[in-house]
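Here is the structure we will look at.
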Amino acid sequence: MTQQANLALLKNIRIVLVNTSHPGNIGAAARAMKNMGLSRLYLVEPKDFPSLEAISRSVGALDLLDNAVVVKDLAEAVSDCVWVAGTSARLRTIEWPILEPEECVQTSLENIEQGDIAIVFGRENSGLTNDEMAKCNALLHIPTDPDYSSLNLAAAVQVVCYEYRRALLSDKISKKKGNKHRFDALANAGQMDGMYGHLHDALDSLGFFGVSNPDVVMRRLKGLFNRANVTQRELSIVRGICSAIQGKKLKR
Ligand code: SAH
């Protein structure tokens, strides 16, 4: 692939900012994206947007703010994405493979020909919730000093966008791309959400949750599926099993 064709892939990468408090950070994130050639900004319930401060901090990246997609929750921001990474300053202990930026970029680019990729950034004061992380295939952690690990939101966006540009300018990436899933489309986040709802209901109808907390059990199951890059065919088998549990007739 030519460098130009590689860089064209940047339009399939979206940056999602969740519940951002300071509009200046939205502007600075837009500027960081545009410097690296990314253009698709999604804002989940921003506290203050549109805003003059965002405009002023974006400097020349006003077009990204104008075209930003504002949505009500993370599910809506990523429903059509085939691979999602949640970023965190903290190394959480459960479910998600922890990737550093270069590894995250490589892994996501292996899936990019199947659909859009999302990199999700959390709130300035509290990051992403565990439920939001449960929508992600991996946790992206920028290795910082563990004693002072939290980067400014826009600085974290800058590091990730730079890593995408650097990877796409190098040849290494194009050789790895397209190796996987050539024969079967990946399920997107919206289809995975539908399956999780179905699985929850099917397990509930069996009385499976018993005394355990269904949210915790489901979060662990989501972690299991999210690590597996589930294809659409695999997803319909799981849904078929759920329907069978619920005693529904299978369409064959
Ligand atoms: N106090 C919050 C930090 C929020 S910083 C917490 O403990 O989670 C705001 C956002 O910037 C984070 O949600 C994450 O998206 C990003 N970020 C900051 N530092 C990061 C790091 N070292 N690695 C990856 N993302 C980081």
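Given the condition more than 17 Å from the chain's Cα centre (by Cα) and at pLDDT below 95, answer yes or no: does some residue in region 60-70 qualify?
yes
Taking E102, is it out of contact with any Gly (no Cβ under 7 Å at 6 or more places or on another chain), assigned to a helix (DSSP H, G or I), within 21 Å of I13 (Cβ to Cβ) and not hydroxyl-bearing (S, T, Y)?
yes
Which residues, counting only those in region 19-78, are among the aliphatic types (A, V, I, L, M) and part of a loop (DSSP other than H, G, I, E, B)?
M36, L38, V59, A61, A68
Among (1) near the ligand (Cβ under 10 Å from one of its atoms); (2) farther than 25 Å from L221 by Cβ; (3) over 16 Å from the mean Cα position of the chain (by Cα), where does P46 come up short?
Failing condition for P46: (1).
Just for region 182-225: of the residues that are assigned by TED's automatic domain parsing to the domain that holds V238 and of a type in the set (F, W, Y), which one is nearest to A118 (Cα to Cα)?
Applying the filter and picking the extreme gives F225.
Of the conditions (1) within 16 Å of the ligand (Cβ to nearest atom); (2) at pLDDT below 95; (3) open to solvent by less than 10 Å² (accessible area, probe 1.4 Å); (4) more than 17 Å from V78 (Cβ to Cβ), P146 fails just one. Which one is it?
All conditions pass for P146, except number (3).
Tally up the residues in region 170-204 that are part of a helix (DSSP H, G or I) and modelled with pLDDT under 95, please.
Residues meeting the conditions: 6.
Please determine whether any residue of region 73-81 is open to solvent by less than 70 Å² (accessible area, probe 1.4 Å), at pLDDT below 95 and of a type in the set (D, E, K, R).
no
If I filter region 114-140 down to residues being near the ligand (Cβ under 8 Å from one of its atoms) and surrounded by 21 or more Cβ atoms within 10 Å (Cβ to Cβ), which single residue comes out as nearest to N188 (Cα to Cα)?
Among those that are near the ligand (Cβ under 8 Å from one of its atoms) and surrounded by 21 or more Cβ atoms within 10 Å (Cβ to Cβ), it is V120.
What pairs come out if I take residues in region 21-44 that are not assigned by TED's automatic domain parsing to the domain that holds D63 and pair them with residues that are charged (D, E, K, R) whose C-beta lies under 7 Å away, six or more apart or interchain?
none
Given the structure, is A30 under 21 Å from the mean Cα position of the chain (by Cα), crowded, with 22+ Cβ neighbours inside 10 Å and aliphatic (A, V, I, L, M)?
yes
The values are calculated or read from the model by the stated rules, or taken from the named source; none is laboratory data. Predicted model only: the values in this text are computed from it and were never measured. Glycine also receives a Cβ, built like all others from the backbone with ideal geometry; neighbour counts cover every protein chain displayed. Only protein heavy atoms, including side chains, enter the accessible area calculation; ligands, DNA and RNA are left aside. Shrake-Rupley method; radii C 1.70, N 1.55, O 1.52, S 1.80 Å.
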